[in-house]
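Here's the structure, in structure tokens; my notes come after.
The values are calculated or read from the model by the stated rules, or taken from the named source; none is laboratory data. Not measured: the values here are computed from a predicted model. Cβ placement follows ideal geometry from the backbone for every residue including glycine, while neighbour counts extend to all protein chains displayed. Just the protein is used for accessible areas: all its heavy atoms, side chains included, with ligands, DNA and RNA removed. Shrake-Rupley method; radii C 1.70, N 1.55, O 1.52, S 1.80 Å.
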Amino acid sequence: DHAATRLPLEATRAPLNPRAGLLAAKGDTQLARIILDRCGVDPLTGKTRAESLLAVAAADEIADVMIAAGSRLTKTDLVLALHMLFAKGARQAVPLANLPVLFTRLKSLGIKLGIASSDTAEAVAATVTTLSLVALIDFHCGYDSGFGRKPEPGMIYGFCAALGLKPNQIAMVGDSTHDLGMGKAAGAGLTIGVLTGTGTRTTLEPLADVLIPSVADLPALFQMLPR
């Protein structure tokens, strides 16, 4: 769900991060700024830093750092609140490309499509529904789906098991080192870095077999690959 500009990504993410900070700080704006800075939000631009917690981590990992930064909520309460916030945000996701058209093109090439997320399974399902992808996605999972979490290989193994594939038959597409690291750990046949998330050429290149500007470039890329 990425395209050539990062602005739509910020349109989805930007409203959530400040709310997460204020939630963790129980309304204390100064503490919220400290918490968000520790979790990866640039205090000057308000944007999410590459490979920071809020870019790649699961809610329980984010909660640990928020508590270390001064949140007085219990971890259980904070994780639950973050899950609710992120699930609500997923229902307001802003697509970065015409995803139904893009995914239909990929399916026409005989490609099975899956989503592996550091968010909850509930949030992933909400995103799939919001972006009108239900009929196009063959598998999706979150960090709480029982397959482990990125960059561990379990989500890819789950995808492969569900669809009767081997890891070396799949391509892992992602915008973070957690994504591409999962691909490498699982023995994916190809790791494709996308330069429209928070990851950069510098962070992704060591783990990417291929770097592309946008997921909109995927059909052309796959058509060029040997089948």
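If the condition is being open to solvent by less than 50 Å² (accessible area, probe 1.4 Å), closer than 11 Å to residue 50 by Cβ and not small (Gly, Ala, Ser), then the stretch 181-209 contributes 195, 198, 200, 203, 204. Filter the stretch 172-195 for residues that are part of a loop (DSSP other than H, G, I, E, B) and touching a helix residue (DSSP H, G or I) at 6+ places or on another chain (Cβ under 7 Å) and give the result. Result: 176, 187, 188, 189, 195.
Would you be able to say whether some residue in the stretch 42-56 is more than 30 Å from residue 217 (Cβ to Cβ) and modelled with pLDDT under 95? Yes: one or more hits. Given the conditions (1) within 18 Å of residue 99 (Cα to Cα); (2) open to solvent by 40 Å² or more (accessible area, probe 1.4 Å), which single one is not true for residue 166? Unmet for residue 166, out of (1) within 18 Å of residue 99 (Cα to Cα); (2) open to solvent by 40 Å² or more (accessible area, probe 1.4 Å): (1).
Could you please give the count of residues in the stretch 198-222 that are in a loop (DSSP other than H, G, I, E, B), over 13 Å from residue 150 (Cβ atoms) and of a type outside the set (Val, Ile, Thr)?
To start, the set of residues in the stretch 198-222 that are in a loop (DSSP other than H, G, I, E, B) comprises 198-200, 205-209, 213-214.
Restricting the remaining residues to those that are over 13 Å from residue 150 (Cβ atoms) gives 198, 200, 205-206, 208-209, 213-214.
Adding the requirement that they be of a type outside the set (Val, Ile, Thr) leaves 205-206, 208-209, 213-214.
Count: 6.
Residues of the stretch 74-98 that are modelled with pLDDT of 95 or more, of a type outside the set (Val, Ile, Thr) and open to solvent by less than 40 Å² (accessible area, probe 1.4 Å): 78, 81, 82.
Report yes if some residue within the stretch 78-95 is closer than 30 Å to residue 223 by Cα and either hydrophobic (A, V, I, L, M, F, W, C) or in contact with a strand residue (DSSP E or B) (Cβ under 7 Å, 6 or more places away or on another chain) (or both); otherwise report no. Explain how you work it out, then say what you get.
Filtering the stretch 78-95 for residues closer than 30 Å to residue 223 by Cα gives 93-95.
Imposing the further condition that a residue be either hydrophobic (A, V, I, L, M, F, W, C) or in contact with a strand residue (DSSP E or B) (Cβ under 7 Å, 6 or more places away or on another chain) (or both) reduces the set to 93-94.
Taking every residue of the stretch 78-95 in turn, at least one turns out to be closer than 30 Å to residue 223 by Cα and either hydrophobic (A, V, I, L, M, F, W, C) or in contact with a strand residue (DSSP E or B) (Cβ under 7 Å, 6 or more places away or on another chain) (or both).
Would you say residue 122 is part of a helix (DSSP H, G or I) and among the acidic types (Asp, Glu)? Please lay out each step first, then the result.
On the way: part of a helix (DSSP H, G or I): yes; among the acidic types (Asp, Glu): yes.
Here the answer is yes, as residue 122 does meet what is asked.
Each residue in the stretch 41-73 was checked for being open to solvent by 20 Å² or more (accessible area, probe 1.4 Å), among the β-branched types (Val, Ile, Thr) and either within 28 Å of residue 194 (Cα to Cα) or under 16 Å from the mean Cα position of the chain (by Cα) (or both), and 2 of them qualify. Among the residues of the stretch 150-168, those that are over 13 Å from residue 115 (Cα atoms) and assigned to a loop (DSSP other than H, G, I, E, B) comprise 151, 152, 153, 164, 165, 166.
Among the candidates 179, 175, 209, the residue that is modelled with pLDDT under 95 and of a type in the set (D, E, K, R) is uniquely 175.
Just give me the residues in the stretch 153-193 being over 19 Å from residue 225 (Cα atoms) and small (Gly, Ala, Ser), in sequence order. Passing the criteria: 154, 158, 161, 162, 164, 176, 181, 185, 186. Within the stretch 99-119, the set of residues being at pLDDT 95 or above, surrounded by 15 or more Cβ atoms within 10 Å (Cβ to Cβ) and in a helix (DSSP H, G or I) comprises 102, 103, 105, 106, 107.
All conditions in (1) surrounded by 17 or more Cβ atoms within 10 Å (Cβ to Cβ); (2) in contact with a strand residue (DSSP E or B) (Cβ under 9 Å, 6 or more places away or on another chain); (3) not polar (S, T, N, Q) hold for residue 178, with the sole exception of (2).
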